[in-house]
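The values are calculated or read from the model by the stated rules, or taken from the named source; none is laboratory data. These numbers come from a predicted model, not from an experiment. All Cβ positions, even for glycine, are placed from backbone atoms using ideal geometry, and neighbour counts span all protein chains on display.
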Amino acid sequence: MAALWTLSLLLSAYPGCLGLTPPAELPQPHNQPPLLGFNSSSGGLSMDLPVALRVFSMDYHHVQAPFEIVLWIMLASLAKLGFHWSGRVPAVVPESCLLIMVGLLVGGVIYGVRHSAPPTLSANSFFLFLLPPIVLDAGYFLPGRLFFENLGTILWYAVLGTLWNVLGIGLSLYGVCLLAQSSLGDVSLLHCLLFGSLIAAVDPVAVLSVFQEMHVNDQLHILVFGESLLNDAVTVVLYKLFESFLRLPSVSGVDVLLGGCRVVMVGLGGLCVGLFFGLVAALTSRFTSRAQVIAPLFVFLYSYLSYLTSEMLHLSGIMAIVTCAVTMKQYVEANVSERSNTSIQYFLKMWSSVSETLIFIFLGVSTIQDVHMWSWPFVCSTLLLCLVWRATGVLLLTAVVNKFRRNAVTFRDQFIIAYGGLRGAICFSLVFLIDDFPKKRLFITTTIVVILFTVFVQGMTIKPLVELLDVKRKKRALPTVSEEIHSRLIDHLLAGIEDVVGYWGQHYWKDKFEQFNKKYLRRFLIHEDHQARSSILRVYQELERREQRGDEEAPPIVDPHSNSRPLLPEEMDSIRRILSRNLQNFNNKQTPAYSRHTLHQDATKDKIRRPLYRHQSLGERYTYDTITHWSQREDREFDGSHRARAGLSRSHTVCSMSSRPILQDCMVPAASAQAQQVDRKTSSTREDRISPQHQIPMGRAPKKHLSFFLENEK
Amino acid sequence: MGSRASTLLREEEIEEIKKETGFSHSQITRLYSRFTSLDKGENGTLSREDFQRIPELAINPLGDRIINAFFPEGEDQVNFRGFMRTLAHFRPIEDNEKNKNYSGDFIAFRLYDLDRDDKISRDELLQVLRMMVGVNISDEQLGSIADRTIQEADTNGDNSISFNEFIKVLEKVDVEQKMSIRFLH
């Protein structure tokens, strides 16, 4: 691990040093005879041989731009690797903090080597290249039902909360500037408001990276996360508004009103752009059956296009891309092949991971600069005001919104919402975009301080606080079978009663949308083959197809056992999986929260188009792997890689059903189960490690095994 | 129209329903208009067909059983009082008011317990499971699931789930999933 760190440091010094050389080399080309085509024109470093042909030459300029980019990405990825290998550190320090520290280190090294400021994160490259993958990833894996259930509250926080914060911070800062006339006298009200608008916004990248390691209950998670996504519209508008006000000679009431309209337009406009591109993408994916390899490309292209289009029209790019992802997801997943789906998800995860890492490293690097200007009153008051206004905002807003909610937001949750308002790279980029004015450096410094404070202090302490306050966590323990069945029953019951009452509540609108979806959208946007009505039907059709194809089928073998034997834990697990797969998942409670590091697939979407047949070695290795992996697993979110190793299978601990008690249970009988398996393995498709009591001397029992296969093959 | 007039809700009735179920005045009138809109035969009672006409209920896997819950034992028609009584089980109540028998848990229990003997037997459980699960699970697996369910809940060893045992299991179910519906004011 130390090797990784030194390697990454060396790599970082590399571009720094290389950066030194080009200016020195430039005058050379004029001296070179222009005979030799390959490197003279770019004036690279070359050995001054009298011979016409150079045997060895190096031309850095030729590849400089991509080379440096790749090196930065490499540095980021190696840092990330090193982080995950470094033992206890990830449990205490969130990844974002560590990455910023690495960035600081690298920035310091570069500064030391070059004696000039290291490359900073240009706002353009941030907004155009680094931010979209993260937001796309977040939108694609957004827990849809939870999000829409809480949409009202989320919007409430996002719009009103941000407004409250912006105005509060801006006005108070102006007050501070008035008080400290001597040092801060030239900061006008509009400047303060502008600063307030960029510093008040909660940043999705930072929130994501900290919250995903925390496992708070899903509702809380979606509230904070949804707010950070949606407040982009408000932030962008207010920022641009104040900026344009700054350029205007005077500001009238009409302008303010127009600004308000603009907020709505930006938000809705982004939404529409996203919707449009999402539907087009869904439609395109319908026709990709003959060229499956490029299907994932369309997903990325259309999403990015939606982002760029809305940026072009000065609408909210984040809203556009999130809407696009949410819209196209269900149709695309139904249309494209299983492998393409996996590719899409993996690429999304990979890009967003790289982006996030790069952002944080650059945040660290950009801190090392010459342009700092410090002012104690300004910086400290900004920090204080950010905290205070956020806290009061959350309290007030929640007091109002709780009256309309079924599940009230408790005080503990409110505290976490307020405390979890992390600022990140968006503020940073925005502050660089301000038109130059005397105190701009002060703003930059203050922004950096606020970001570092929130990410480090708040980011590191929020996890212990969550535990201290005993905030309701994600349910770790797997529900028992009866709980699961009964809760499904209750879901159906409640939905039915709502229908009887004619309650136009969420269920009603959801049903209406589902009907519209089924009748028009699905028919239009999904390839005929894949239009199966329910997941259960799809399973059934797949079964039929299998049987028609006439694979190796022996009739199902009757289980000779009586029914009163207590079930083994593996069987429990398989039962649980069967239930989650097959019970009509009304509430979609099993939808896992978003996670950067693991691929959680939606529990209800049965991707059973994978061939159910598996070669014996594959099956055995798979089962072996999962069992040993379970034994190694600690409570870490980023063990998705372990699961991924088992053939990209949807891990059995997916869908927030991971639990240590069950795993430990499984370890003990695992050994015995395996032994039994190896003994009894006669046929070539022995996948079900689950039920050693099923005597299967010869052949396979497709129907009976099938349901066990169904979760095995993931 | 003559038949209509007899179905109009009188003030005293509203008061009585209010006392019995705890709904507010406006909620009762609103639910009454819903009742009448469902009542296609305009005779002041709802039959099973009236319920089955609700489209979303038709696709609900437990739709028939839910409809059953509205009808008292052996009857085929339910009047407004009965309608309200069933709905009252789902009124959001404060924790201190909680009455076990008048809560949604009771209706849930009734969904299982068709023969109303206050016990969920293995067969009844199997039936409901089969309705919820669908076609692709074999009977033995379903059987073992049912067995497991009973095993987990059964404390007195009679191989069936009584109402109290059922309540205990439900308590462990996620609290967020409140067994109540927001009736608009």
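Looking at B:THR86, B:THR36, which one is closer than 20 Å to B:LEU111 by Cβ and assigned to a helix (DSSP H, G or I)?
B:THR86
Would you call A:CYS272 touching a Leu at 6+ places or on another chain (Cβ under 8 Å) and not aromatic (Phe, Trp, Tyr)?
Taking the combined requirement at face value, the residue does not satisfy it.
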| Residue within region B:108-121 that is modelled with pLDDT of 80 or more, within 9 Å of chain A (Cβ to nearest Cβ) and in contact with a Lys or Arg (Cβ under 6 Å, 6 or more places away or on another chain) present | yes
| note | If we ask which residues in region B:39-66 are at the interface with another protein chain (Cβ under 8 Å from one of its Cβ atoms) and within 18 Å of B:THR86 (Cβ to Cβ), their number turns out to be 8
| said: Can you go through A:PHE67, A:PHE38, A:PHE56, A:PHE83 and tell me which one is modelled with pLDDT under 55, aromatic (Phe, Trp, Tyr) and not assigned by the TED database to the domain that holds A:LYS463? | reply: A:PHE38
| task | Answer yes or no: is there a residue in region A:468-485 that is modelled with pLDDT of 85 or more, away from chain B (no Cβ under 14 Å) and surrounded by fewer than 19 Cβ atoms within 10 Å (Cβ to Cβ). | result | no
| query | Does A:PHE245 satisfy being aromatic (Phe, Trp, Tyr), more than 14 Å from chain B (Cβ to nearest Cβ), part of a helix (DSSP H, G or I) and more than 13 Å from the chain's Cα centre (by Cα)? | reply | yes
| field | Candidates B:VAL173, B:VAL78, B:VAL128, B:VAL133, filtered to the one that is aliphatic (A, V, I, L, M), crowded, with 17+ Cβ neighbours inside 10 Å, under 21 Å from B:LEU57 (Cβ atoms) and modelled with pLDDT under 80 | value | B:VAL133
| task | For region B:122-156, name all the residues that are hydroxyl-bearing (Ser, Thr, Tyr) and more than 8 Å from chain A (Cβ to nearest Cβ). | result | B:THR155
| task | Evaluate region B:70-80: report whether one residue or more is assigned to a helix (DSSP H, G or I), more than 15 Å from the chain's Cα centre (by Cα) and under 25 Å from A:SER487 (Cα atoms). | result | no
| said: Of the conditions (1) more than 10 Å from every other protein chain (Cβ to nearest Cβ); (2) out of contact with any strand residue (DSSP E or B) (no Cβ under 9 Å at 6 or more places or on another chain); (3) exposed (fewer than 14 other Cβ atoms within 10 Å of the Cβ), B:ASN159 satisfies every one except a single condition; which number is it? | reply: (1)
